[in-house]
1. Could you calculate the contour length gain from residue 46 to residue 65, that is, 0.36 nm times the residue separation minus the distance between their Cα atoms, to one decimal place in nm?
2. Tell me the Kirkwood radius of the range 1-55: reciprocal of the mean inverse pair distance over distinct alpha-carbon atoms, in Å.
3. Do you know the relative contact order of the chain, to the nearest whole percent, from alpha carbon pairs under 8 angstrom that are 6+ apart?
4. Mind checking which of 101, 83, 42 has the largest fluctuation in a GNM of the chain, springs on alpha carbons under 10 Å?
5. Build a GNM of the chain with springs between Cα atoms under 10 Å: which of 94, 73, 82 gets the top mean-square fluctuation?
6. What shape does the range 35-81 take by its C-alpha gyration tensor, where a ≥ b ≥ c are the square roots of the eigenvalues and a/c under 1.5 counts as rounded, a/b above b/c as prolate, and the rest as oblate?
7. For each of 79, 86, count neighbouring Cβ atoms within 10 Å of the residue's Cβ, then give the residues from fewest to most.
8. Defining a contact as two alpha carbons under 8 Å apart and six or more residues distant in sequence, what relative contact order in percent does the range 62-109 show?
């Protein structure tokens, strides 16, 4: 049985009622793969999040909806990345691709990439 909780699926974005394993499932990094800080991501507060048909739907004012699959088994090693947080800790991640990168670049007003936790790896 899955327990629902109020979680923030994209780090620093609004919360949504979802299973707790989606908490901070996605996060943003700069062009060097360093996890962005709360100050860097302040504009994420304007996002509206919902779920539908197994997707996280992300909306921002003046932009088309971005849809992210909630549960995907990644079998393409070319999208696997390592992200580094502000404490120098690394984490295995999956790059969500160019569309998500451009979408979030417009929201934040700076180059960035959307990564998600690599479900097949523990934190490095």
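Each reported figure results from applying straightforward, stated rules to the coordinates on display, with no laboratory input. All of these numbers come straight from a predicted model, not from anything done at the bench. We place every Cβ from the backbone using ideal geometry, glycine too, and count neighbours over all the protein chains shown.
1. 5.5 nm
2. Values: mean 1/r = 0.0827 Å⁻¹.
This gives a value of 12.1 Å.
3. 22 percent
4. Evaluated over the chain, the most mobile residue of the options is 42.
5. Result: 73 has the largest fluctuation of those listed.
6. It is oblate, given that a/c is not under 1.5 and a/b is not larger than b/c.
7. So the ranking, lowest neighbour count to highest, is 86, 79.
8. 28 percent
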